[in-house]
1. If you scan region 196-220, which residues turn out to be under 15 Å from Ala236 (Cα atoms) and buried (at least 17 other Cβ atoms within 10 Å of the Cβ)?
2. All but one of (1) in a loop (DSSP other than H, G, I, E, B); (2) buried (at least 22 other Cβ atoms within 10 Å of the Cβ); (3) aliphatic (A, V, I, L, M) hold for Ile146; state the number of the condition that does not hold.
3. Under 9 Å between Cβ atoms, which residue pairs at least 6 apart in sequence (or on different chains) link something in region 177-193 that is touching a residue at least 60 places away in the same chain (Cβ under 8 Å) with a partner that is surrounded by fewer than 24 Cβ atoms within 10 Å (Cβ to Cβ) and of a type in the set (Asp, Glu)?
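What follows draws every value from the coordinates through simple rules; no lab data is involved. Everything quoted here is computed from the prediction, not taken from an experiment. Don't worry about glycine lacking a Cβ; one is built from the backbone with ideal geometry, like all the others, and counts go over all protein chains shown.
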Amino acid sequence: MTDPRAELAALAREARVVLEREVTRGRERIALSAPAPARPAADPVPRTPRITELPFAPAPLAARDDLPDDLGTLARMVSECRKCGLCGTRTNTVFADGSPQAKLLFIGEAPGRDEDLKGVPFVGRAGQLLDKMIAAIQLRRDEVYICNVLKCRPPENRTPAPEEVEQCLPYLEQQLALVRPALICALGLSAVQALLKTKSSMASLRGRTYEYRGVPLIPTYHPAALLRNPGLKREAWEDMQRVRDTLRARTAS
């Protein structure tokens with residue numbers, strides 16, 4: 001029979017070798033939490049998920065010196081932006097909606113047709129579903145902050161191109177730094193991949209709490225994906241419960 005202590009020692013040696021190899025390669029780290037353990041019924045305050053370490057860690061959330069330090073001026077700058085070809089096909093830029101004092105911030109992929117026409121994020125069918133998701137965790141739309149990675153609609157609602165994301169990301173980073181949310185919920189694979197610099201699938205990303213520049217980030221499906229595939233709604237509700245519990249833990253006095 002194998003000695004359990006010998007097996008543990010072998011695993012420890014193997015982990016040490018992997019760690020030393022990664023350090024030699026000069027890789028940085030990203031913080032990722034494991035799923036939170038079940039909370040006892042008697043515990044009134046949700047516990048913040050434990051943090052483990054993975055490669056890659058972006059700089060802490062901080063306002064940029066090269067962009068306006070107030071949201072109104074930043075929105076006007078975005079409305080005049082011509083850094084990529086989307087400026088030639090948009091009707092309106094779509095900056096944000098909700099409260100600048102919000103503790104919970106939702107980030108989608110890009111505006112759609114309805115958003116492009118109205119200049120407000122998440123106002124079409126997907127937006128109506130997002131409103132219901134927000135209400136399900138006992139919040140209102142005007143109590144959260146909603147924005148997108150891209151501020152202009154890609155033609156035919158196609159997936160944002162890497163160069164478009166690159167040009168728009170500084171605006172988003174400045175929004176985050178000025179709002180300073182306690183929690184970020186990333187809606188859809190494109191938004192998650194842009195923020196976490198990953199190519200992983202949503203199936204492998206969701207169900208966990210990441211950390212983006214010092215702020216917890218929970219990925220879930222985009223409401224438009226839920227409209228196309230209602231079978232995903234159960235998993236999305238699990239994610240929203242994680243959002244609710246993490247937010248309560250982060251904002252508990």
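1. Listed by number, the residues that qualify are Met202, Leu205, Arg206, Arg208, Thr209, Leu217, Ile218, Pro219, Thr220.
2. (1)
3. Filtered contacts from region 177-193: Ala177/Asp69; Leu178/Asp69; Leu178/Asp70; Cys185/Asp239.
The rows are residues; the columns are (1) among the small types (Gly, Ala, Ser); (2) touching a strand residue (DSSP E or B) at 6+ places or on another chain (Cβ under 8 Å).
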{"site": "Gly127", "(1), (2)": "yes, no"}
{"site": "Leu130", "(1), (2)": "no, yes"}
{"site": "Met133", "(1), (2)": "no, no"}
{"site": "Gln138", "(1), (2)": "no, no"}
{"site": "Asp142", "(1), (2)": "no, yes"}
{"site": "Ile146", "(1), (2)": "no, yes"}
{"site": "Glu163", "(1), (2)": "no, no"}
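Matching residues to (1) among the β-branched types (Val, Ile, Thr); (2) part of a strand (DSSP E or B); (3) touching a Ser or Thr at 6+ places or on another chain (Cβ under 7 Å); (4) crowded, with 23+ Cβ neighbours inside 10 Å:
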| site | (1), (2), (3), (4) |
| --- | --- |
| Leu129 | no, no, no, no |
| Lys132 | no, no, no, no |
| Leu150 | no, no, no, yes |
| Arg153 | no, no, no, yes |
| Thr159 | yes, no, yes, no |
| Val165 | yes, no, no, no |
| Gln175 | no, no, no, yes |
| Ser190 | no, no, yes, no |
